[in-house]
Amino acid sequence: MLRITLVKLLVNNQDEALQYYIERLGFEVAEDNKMGDYRWLLVRLPDNSEFCINLDVARTDEQKALVGRQAADMPLFSIETDDCMRDYLALKERGVEFEGEPEVQPYGTGVLMKDLYGNRIYLNQG
């Protein structure tokens, strides 16, 4: 095994999730393909072709119940930065919701934010 390249994120609406991840978080579209009735939609951070998020519509009641809480109250994933305060301020200005301000921890400076459905994402400067 070499690396993890994809994580699936259950969403209520692919278009609104796509808009949020691009306009607020600064991601870009990696793939957007129709396969019959299915839309394969991947986003990634710019210049990061190895790791993508598959924005996939929750269809079943069980999947719908998990939207916004796929990792319960834990961060779903972390985003590494070289300047946590710079990115915190820029993201906050774009309307991203944060849980407090960046704090220095033994492993680096970081802060929790939420996506449009409430999934927690950790922004970390190591």
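The values are calculated or read from the model by the stated rules, or taken from the named source; none is laboratory data. All values reported here derive from a predicted model rather than from experimental measurement. Virtual Cβ from ideal backbone geometry, glycine too; neighbours counted across all protein chains shown. Each accessible area value is taken on the protein alone, full model and side chains, heavy atoms only, with ligands, DNA and RNA left out. Shrake-Rupley method; radii C 1.70, N 1.55, O 1.52, S 1.80 Å.
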* **Structure-based [θ]222 nm, the chain - -39500 (n - 2.57) summed over DSSP H runs of at least 4, per residue, nearest 500** => -4500 deg cm²/dmol
* From a point 7 Å beyond the Cα of Tyr122 in the direction of its Cβ, which residues of segment 70-97 have a backbone N at a distance under 12 Å? -> 74-80
* Give a residue-ordered list of calculated ³J(HN,Hα) values for segment 111-126 (Karplus: 6.51 cos²θ - 1.76 cosθ + 1.60, θ = phi - 60°; whole Hz; x for Gly, Pro). => 7, 8, 10, 10, 7, 5, 9, x, 4, 8, 10, 9, 9, 9, 10, x
* **10 Å beta-carbon shell around Arg44, net charge (K/R +1, D/E -1)** => -4
* Structure fact -> Rounded to two decimals, the Debye log10 I(q)/I(0) of segment 1-65 (Cα scatterers, no solvent) at q = 0.20 Å⁻¹ is -0.81
* Give me the distance between the Cα centres of segment 1-29 and segment 84-113, rounded to whole Å. => 19
* Hey, what do the phi angles of segment 66-74 turn into as Karplus ³J(HN,Hα) couplings, whole Hz, using 6.51/-1.76/1.60 and θ = phi - 60°, x for Gly and Pro? -> 8, 4, x, 8, 5, 10, 6, 9, 8
* Asked: Hey, any idea what % of the chain's accessible area is carbon plus sulfur with a 1.4 Å probe?
  -> 48
* What accessible area per residue comes out for the chain, rounded to a whole number of Å², with a 1.4 Å probe? -> 61
* **DSSP beta bridges in the chain [antiparallel fraction, %, rounded to 5]** => 65
* Asked: What full-extension length gain, to one decimal in nm, is calculated for Ile4 and Asn54 as 0.36 nm per residue of separation minus the Cα-Cα distance?
  -> 16.7 nm
* Using modelled amide H (1.01 Å from N, peptide plane; none on Pro or chain starts), what sits under 5 Å from the amide H of Ser78, excluding residues fewer than 5 places away? -> Tyr122
* Structure fact -> Straight-line reach check, Lys92, cutoff 19 Å on alpha carbons, 8 or more apart in-chain or any other chain, hits among lysines -> Lys114
* To do: Could you work out how far apart the two model spin labels at Glu28 and Leu66 are, taking each label as a point 7 Å from the Cα in the direction of the beta carbon, and quote it in nm?
  => 3.0
* Radius 15 Å from Cβ of Gln14, net charge of other residues (Lys, Arg +1; Asp, Glu -1) -> -3
* Size of charge dipole - segment 1-111 - debye, nearest 20, with Cβ of Lys, Arg +1 and Asp, Glu -1, no other charges -> 340
* Asked: Do you know the relative contact order of the chain, to the nearest whole percent, from alpha carbon pairs under 8 angstrom that are 6+ apart?
  -> 24
